[in-house]
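Structure first, commentary second.
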Amino acid sequence: MFSSRLERRRQVRRFAVLVAVTVFAIGIGLVGVFAVQGFDFLGIAEADRLPLGMAVLGAVGGVFVLSLLAYAAVRVFSRIE
């Protein structure tokens, strides 16, 4: 139905989204594990949780940026022939 070039672009986009979502899911999982451990540690020490909360937000932002970079990398390298 579509031209082979258009079909290839669609497949590359799907693969790029798959890579980005995978990077994001793994990153969020790791951030979640370390955040829970950190909050448990701070609960024992009765310390302020705001700095750790800010670090978790920064880590989530970093994971988001990494997933965007992974998407862009797949798209760029797919154009090299």
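Values quoted throughout were computed directly from the atomic coordinates according to the rules given, and no laboratory measurement underlies them. Every value quoted in this text rests on a predicted model; they were computed, and no experiment measured them. Positions of Cβ are generated from backbone atoms using ideal geometry, with glycine treated the same way; all protein chains shown enter the neighbour counts.
No other residue among Leu66, Leu6, Leu50 is surrounded by 14 or more Cβ atoms within 10 Å (Cβ to Cβ) and not β-branched (Val, Ile, Thr) apart from Leu66. For segment 69-81, residues that are within 13 Å of Ala20 (Cα to Cα) and surrounded by fewer than 13 Cβ atoms within 10 Å (Cβ to Cβ) total 2. The residues of segment 23-54 that are touching a residue at least 12 places away in the same chain (Cβ under 8 Å) and among the small types (Gly, Ala, Ser), listed by number, are Gly27, Ala35, Gly38.
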